[in-house]
Amino acid sequence: MTSADDIEQRELQLNRFKRLIGELQRGEMNRNSFAPWEIDLLLDFESCQLPPRRRLETLRQYQRAVERQMESGPGPPIKLSHFLILREQRRNALM
């Protein structure tokens, strides 16, 4: 059973994630304070080296995947690198 505190924590984490993704999409950070899991996501994002012309669409797909994850279970959000691996595996399974 999920407690009200768990739901509230997940909601706060999802809101912080959406803010972080918005900042990544705009290409500018508007703050200097980050939760440890946000720093992990930022470092992972940097290591993924997304192609510039696919960057926004990939981030939108990633955001939708994290929203689905956070609706059904606990955080922190999956890393972008993990999302990209899962997406590639799904594509290969369809071929």
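A compact table of results
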quantity: Overall form of the chain per C-alpha gyration tensor (a/c, 1.5; a/b vs b/c); calculated: oblate
quantity: Listed peptides 65-74, 21-30 by packing density, highest first (mean Cβ within 10 Å); calculated: 65-74, 21-30
quantity: Sequence of ASP40, ASP5 once ranked by neighbouring C-beta atoms within 10 Å, starting from the fewest; calculated: ASP5, ASP40
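Computed from the coordinates by the stated procedures, all read-outs in this text should not be read as laboratory data. What you see is a predicted model; the values in this text were computed from it and never measured. Note that each Cβ is placed from the backbone with ideal geometry, even for glycine, and that neighbours are counted across all protein chains shown.
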